[in-house]
There are 6 protein chains.
Amino acid sequence: MTSAPAISRFPVPKLDDLPADIRARIEAVQEKAGFVPNVFLVLAYRPDEFRAFMAYHDALMEKEGGLSLAEREMIVVATSNANHCHYCVVAHGAILRVRAKDPLIADQVAVNHRKADIAPRQRAMLDFAMKVALASHEVEDDDLAALEAQGFSRDDVWDIAAIAAFFAMSNRMANVTSMRPNEEFYGMAR
Amino acid sequence: MTSAPAISRFPVPKLDDLPADIRARIEAVQEKAGFVPNVFLVLAYRPDEFRAFMAYHDALMEKEGGLSLAEREMIVVATSNANHCHYCVVAHGAILRVRAKDPLIADQVAVNHRKADIAPRQRAMLDFAMKVALASHEVEDDDLAALEAQGFSRDDVWDIAAIAAFFAMSNRMANVTSMRPNEEFYGMAR
Amino acid sequence: MTSAPAISRFPVPKLDDLPADIRARIEAVQEKAGFVPNVFLVLAYRPDEFRAFMAYHDALMEKEGGLSLAEREMIVVATSNANHCHYCVVAHGAILRVRAKDPLIADQVAVNHRKADIAPRQRAMLDFAMKVALASHEVEDDDLAALEAQGFSRDDVWDIAAIAAFFAMSNRMANVTSMRPNEEFYGMAR
Amino acid sequence: MTSAPAISRFPVPKLDDLPADIRARIEAVQEKAGFVPNVFLVLAYRPDEFRAFMAYHDALMEKEGGLSLAEREMIVVATSNANHCHYCVVAHGAILRVRAKDPLIADQVAVNHRKADIAPRQRAMLDFAMKVALASHEVEDDDLAALEAQGFSRDDVWDIAAIAAFFAMSNRMANVTSMRPNEEFYGMAR
Amino acid sequence: MTSAPAISRFPVPKLDDLPADIRARIEAVQEKAGFVPNVFLVLAYRPDEFRAFMAYHDALMEKEGGLSLAEREMIVVATSNANHCHYCVVAHGAILRVRAKDPLIADQVAVNHRKADIAPRQRAMLDFAMKVALASHEVEDDDLAALEAQGFSRDDVWDIAAIAAFFAMSNRMANVTSMRPNEEFYGMAR
Amino acid sequence: MTSAPAISRFPVPKLDDLPADIRARIEAVQEKAGFVPNVFLVLAYRPDEFRAFMAYHDALMEKEGGLSLAEREMIVVATSNANHCHYCVVAHGAILRVRAKDPLIADQVAVNHRKADIAPRQRAMLDFAMKVALASHEVEDDDLAALEAQGFSRDDVWDIAAIAAFFAMSNRMANVTSMRPNEEFYGMAR
């Protein structure tokens, strides 16, 4: 509504006021993406938490592993819509489109992963991720067995669970801070 | 996954096999939009229901009234995501972007209308529409009074309710038929 | 509480003030039933929507098909109680008793269809209808297969879904208008 | 479906085989009502539990107090439909019609107490009873104050809660035993 | 917060003011336990209900039967946490620890019975008890068959259901009265 | 059931095989607590995630701030029971008892924080934390204002939200790994 809407319910630090390591991280992202995703500025209000958040994120989302980068983003998008997280659906929807090289996949996965154009193993992956997001206490050995029947390793199961769990946290922080997605994300890779 | 994925779990009629009035309606849409939205083909499997559906739709979505055309689409998009209706979020998200001349509004309203860049009256409208979609038996006189305090007339209240109710139906048909949105919708007006 | 309680939260047109086609339709019902069901008067406030509603209703509830007329009313009664729709449970409960020639069936189906005196195919039909009413996004191919295993055709599946969907709409309109059932319905065919 | 459907999933004792006190109780009911309500036979399978159940029931439903006998039955009917208890809605619906001398009240209260023709104090009573039935852990001092503002004494509050709680138990036993209501109840006092 | 916090939202009778039979019952408990559990004082406000409650309790919890005394308490603890009943989780948690001679079992069963150190038959027992507590209308013949496949008799099924149902009532009364557990329970048998 | 039950569904590293920094961290905990809490061994299966998890934990739970250390643990215990996380309720219940020097508080907060012996500000804190845990998308400016009316700063609000969010993640990992609490926790500080 206004020309510069707030991106957080909490104070947002200026880039110049941030510790050097955080500023460097943000500038690297900016150089790569062409803009600073608001999550970096909103969370940088708490430098120690920022560092831990980013380290955790990278350990899950950037490492080698049995899940493709696009599959990881599918988990983020599906569970974030279940948590009604505006920031994460929009920003990670963009990243998913980029990584999957598919302009349609993000909207499909967000609204109802059962209707998405994905492989059966990806369907099983998202069924499990949604259970972790919404009813993790009901996870049983059978759920792990079902994933393994689709070819996932036990390590892949950890990855799926950990990504869904990490974004359970991230979605809640974005919802409470009322984190605003950058406008750049909406139309990216469509 | 395939080059021509199914657009319905039910038989889809060919345009040439349809009754003349239905074909005319569809050709008019095609001329205006540049393609035939799949909802027309999927529902045309049942001509009588098709005619009633479209007449109902037009009576709510095309008529004069206190709600702008964009506001009506906001109701559709918000309640359709609550019902996890892939077709309606994607197709009406596109129409909302067109009508609101705003590339961001549809994704905002879909994921969490509380975070959308909308006026307070629109927030009240969507709060009510969501109650109609999800717990209509709890609607009380106070809910109508709250809308009227925002400047809505009693007739506007009917319109909000009727649109949410109509798409409660439409979402369910789209979910059961597994209606597939046309690819054209995803990127429209972004 | 009063001698003539309101039948709607919205203005109710007088029969004489209605367009001729609507008046004719209502008079025909009145002649057959001996009274005017309130749904006709409440919805006639919006003539165009009235016409579409009735056309849709008739296309689903009056046409030929694999579902008996009583089975269609079972769907209405079961899903309407799930939606806590006072008008529809009372009015369609009466119609179900008439059509099934069974004074007990409506109350059974309304409270818990699992305990009703119905055939296994009807149980499967109502399980599916309740899923359409309450969680249509979870409908999968397996649900259709389960119905077909009970002898339903693919067309019957459409009918079940469409009736549940139509009353998802109708229930919401009745709840928002606070539509009041005629007293005649309560004791009919008991 | 059969000429003599089962009234319980558990063995049902013959009247002659029951302890004298239980038989006497049942015969007294039979004399008054003209038939033996199935709840007596189903629960008599466990004589000690039967005696406690009936003593509890009478202590709540038959005693003097600030709630009329009809109001107590309203609580039973509203909460029993929320628990989808076929037996209790049908049997206590009949008793409510008798006690309220009102053929319409039971169906109204069962489907949606918000739409019933009841006094404001009765509306408050049922709002509280439904909270006890569905989310008793959220009951707070404010809920009691709201009842007292409607003229209920602290003792009346206990009564409302205790009736809702007793039928929370009773509904569950009826659901698990698949207790079948006598046909006589359906049409009684309509 | 205060030195003698209230144990009920309702008046609490003095032991000396109670009818002799109730006083005798309470004194017997006091002698055995070393203190008077607050449930006795809170419920004694209503002597007739007290007598019925205790008779019912004893008929289920003290009688001979196929469920061990510890297993019965498992049902109480699991369903009471599902109902967020502070008194029952704390008091019956203590009794479960005593009866099972296991200091860990109560906390395990309370938080998530799927993770408790219990036998497969006990897992099946608690799955069923939770269904009775939370969705008894969905209990079907298959649920009983699953218990019988674990070696439970039809009578054991009644016991499981009846205990879950009785505490559905008891939890609601404890929640509404805001019944406070005695401090002695918290650390008992740990 | 067995003499050494599994503490995770995933491989558990030996202390000697861990990177030096992780081993040092674990040994420090062991020295202080007298045993190694299983969460350290279970999560150390993934060293990078372990480091980020612990850094995040410490940034929230160990830092200076407006919330007492006991208050932070209240948030953990209340939200962990809502998520049915066996490990976190047991382990953080123990820590809460230690930090609050109160043997009763953990069980109270776990089962129903509305009934706990806590100050009004702590009640407001837990109401908000539960909303973050269960429906963060519904958090509005009014929720923050309500906390500030209780004397919380905007920074305290962040802390409450971040702790609830962090344990939303932690609970999910504990549930999926089936993380087993050490027996030492159950009876600690009772």
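The values are calculated or read from the model by the stated rules, or taken from the named source; none is laboratory data. If you're wondering where the values come from, they're calculated on a predicted model, not measured in any experiment. For neighbour counting, all protein chains shown are included, and Cβ atoms are generated from backbone atoms with ideal geometry for every residue, glycine included. When the accessible area is computed, the model is the full protein with side chains, heavy atoms only, and any ligands, DNA or RNA have been set aside. Shrake-Rupley method; radii C 1.70, N 1.55, O 1.52, S 1.80 Å.
Listed values, structure above:
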{"quantity": "F:CYS88, sole failed condition from (1) closer than 30 Å to A:LEU60 by Cα; (2) surrounded by fewer than 20 Cβ atoms within 10 Å (Cβ to Cβ); (3) among the hydrophobic types (A, V, I, L, M, F, W, C)", "calculated": "(2)"}
{"quantity": "Single condition A:ILE95 does not satisfy, out of (1) within 13 Å of chain F (Cβ to nearest Cβ); (2) under 11 Å from the mean Cα position of the chain (by Cα); (3) open to solvent by 20 Å² or more (accessible area, probe 1.4 Å)", "calculated": "(1)"}
{"quantity": "E:LEU134 vs. criteria in contact (Cβ under 8 Å) with a residue 40 or more places away in the chain, among the hydrophobic types (A, V, I, L, M, F, W, C), open to solvent by 30 Å² or more (accessible area, probe 1.4 Å) and out of contact with any Lys or Arg (no Cβ under 6 Å at 6 or more places or on another chain)", "calculated": "yes"}
{"quantity": "Tally, over the range B:103-117, of residues that are at the interface with chain A (Cβ under 7 Å from one of its Cβ atoms) and either in contact with a strand residue (DSSP E or B) (Cβ under 9 Å, 6 or more places away or on another chain) or free of Cβ contacts under 8 Å to residues at least 12 places away in the same chain (or both)", "calculated": "3"}
{"quantity": "Enumeration of residues in the range C:37-54 that are without any contact (Cβ under 8 Å) to a residue 60 or more places away in the chain, assigned to a loop (DSSP other than H, G, I, E, B) and open to solvent by less than 30 Å² (accessible area, probe 1.4 Å)", "calculated": "C:ALA44, C:ARG46"}
{"quantity": "Any hit, the range F:64-77, residues being closer than 19 Å to F:ALA161 by Cβ, polar (S, T, N, Q) and in contact (Cβ under 8 Å) with a residue 60 or more places away in the chain", "calculated": "no"}
{"quantity": "Residue list for the range D:1-36, restricted to those being part of a loop (DSSP other than H, G, I, E, B), closer than 22 Å to D:VAL89 by Cα and open to solvent by less than 70 Å² (accessible area, probe 1.4 Å)", "calculated": "D:PRO5, D:ILE7, D:SER8, D:ARG9, D:PHE10, D:VAL12, D:GLY34, D:PHE35, D:VAL36"}
{"quantity": "Residue in the range C:52-62 that is over 22 Å from D:HIS113 (Cβ atoms), touching a Ser or Thr at 6+ places or on another chain (Cβ under 9 Å) and modelled with pLDDT of 95 or more present", "calculated": "yes"}
{"quantity": "Search result, residues across the range F:98-108 that are over 15 Å from E:VAL90 (Cβ atoms) and open to solvent by 40 Å² or more (accessible area, probe 1.4 Å)", "calculated": "F:VAL98, F:ARG99, F:LYS101"}
{"quantity": "Top-ranked residue of the range C:169-187 - restricted to ones that are surrounded by fewer than 20 Cβ atoms within 10 Å (Cβ to Cβ) and of a type outside the set (D, E, K, R), ranked as farthest from the other protein chains (Cβ to nearest Cβ)", "calculated": "C:ASN182"}
{"quantity": "Any chance C:ALA106 is in contact with a Lys or Arg (Cβ under 6 Å, 6 or more places away or on another chain) and at pLDDT 95 or above", "calculated": "yes"}
{"quantity": "Conditions (1) in a helix (DSSP H, G or I); (2) surrounded by 21 or more Cβ atoms within 10 Å (Cβ to Cβ); (3) not acidic (Asp, Glu): number failed by B:HIS57", "calculated": "(2)"}
{"quantity": "Hits in the range F:30-53 (condition: more than 27 Å from A:ASP143 (Cβ to Cβ) and either in contact with a Phe, Trp or Tyr (Cβ under 6 Å, 6 or more places away or on another chain) or within 14 Å of another protein chain (Cβ to nearest Cβ) (or both))", "calculated": "F:ARG51"}
{"quantity": "Residues located in the range E:73-85, provided they are within 14 Å of chain D (Cβ to nearest Cβ) and open to solvent by less than 10 Å² (accessible area, probe 1.4 Å)", "calculated": "E:ILE75, E:VAL76, E:THR79, E:SER80, E:ASN81, E:CYS85"}
{"quantity": "Enumerated helices (runs of 4 or more DSSP H) restricted to the range D:101-190, each holding at least 2 residues that are within 29 Å of F:ASN112 (Cβ to Cβ)", "calculated": "D:120-135, D:141-149, D:154-177"}
{"quantity": "Considering residues of the range F:137-168 that are under 30 Å from E:ALA174 (Cα atoms), more than 8 Å from chain A (Cβ to nearest Cβ) and touching a residue at least 60 places away in the same chain (Cβ under 8 Å) only, the residue nearest to the chain's Cα centre (by Cα)", "calculated": "F:PHE167"}
